[in-house]
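Input: a single structure, listed below in structure tokens.
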Amino acid sequence: MKSYKMKTDDLKSFELGHDEDGRLYLKRFRELFAPLKVDMSGVEALSAVRFAGRSLHLLQERWAEQHGLSEGRMGVLFRLHRCGDMPLGELASDLDSTPRNITGLVDHLERDGLVERVPDAADRRSVRARLTEEGRKQIDGIWKEGLEHQFTLVEGLSKEDLAQLRHLCLLLVENARKELGK
């Protein structure tokens with residue numbers, strides 16, 4: 001499997017500060033935009049969301065690599081673990097990926113003995129992906145660890161904080177959908 005080079009140094013180079021209300025901000029962002037003398041709070045917030053997403057992506061890749069997987073392959077295994085066997089097209093849709101990418105991921109997982117392709121009894125034109133016994137063993141050990149990692153990342157946030165975070169992120173998604181629909 002391809003080895004991934006984590007760009008964790010990129011994350012370390014972003015220095016954080018605390019504003020007058022004790023809230024975190026990216027120091028470099030404020031330095032760059034301070035001369036404009038305009039309210040950049042919306043742009044700054046979106047920048048923080050992108051930075052958070054990138055950080056979470058790098059953590060997921062690092063964790064997957066520790067198990068000999070890529071983030072994409074692990075996503076396929078998790079989905080099959082939670083949903084059972086699935087048509088490849090549905091798997092692509094659920095993982096917000098292209099059918100071609102899912103085919104490649106399943107090819108690799110099949111080669112490694114973790115997933116197998118099976119005919120779809122309801123649609124002869126369709127092929128389903130299913131975990132093998134080896135795949136089930138591997139993912140059974142990994143998914144609980146994954147939950148623990150996620151709990152660690154949200155440590156210190158209250159249920160109200162988490163509900164607000166979820167709401168705000170999905171509000172951004174909703175606004176992006178509107179923008180894409182124009």
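Remarks
- Dipole magnitude of the chain, debye to nearest 20 (Cβ charges: Lys/Arg +1, Asp/Glu -1, about Cα centre): 500 debye
- Given [x] 114; [y] 124; [z] 172, the label whose value is volume of the Cα convex hull per residue in Å³ derived from this model: [z]
- Close amide H pairs (under 5 Å, H built 1.01 Å from N) link Thr132 with Val115, Glu116, residues at least 5 positions away or on another chain.
- Largest GNM mean-square fluctuation among Gly17, Gly84, Gly75, using the chain with Cα springs under 10 Å: Gly17.
- Theoretical ellipticity at 222 nm over the chain - DSSP helices of four or more residues, -39500 (n - 2.57) apiece, nearest 500: -20500 deg cm²/dmol
- Across the range 27-34, rounded Karplus estimates of 3J(HN,Hα) from the backbone phi angles (6.51 cos²θ - 1.76 cosθ + 1.60, θ = phi - 60°) give 4, 4, 4, 5, 4, 5, 9, 4 Hz, Gly and Pro being marked x.
- Sites Ala48 and Glu145, calculated FRET efficiency, Cβ-Cβ separation with R0 30 Å, nearest 0.05: 0.65
- Thr98, Thr152 arranged by Cβ crowding within 10 Å, fewest neighbours leading: Thr152, Thr98
- Separation of the Asp85 and Asp21 label points, Cα + 7 Å toward Cβ, nm: 5.3 nm
Readers should treat all values here as calculations from the given coordinates under stated rules, not as data from a laboratory. Keep in mind it's a predicted model, so treat the numbers as computed, not measured. Because the Cβ atoms are built from the backbone with ideal geometry, glycine has one as well, and the counts that use them run over all protein chains shown.
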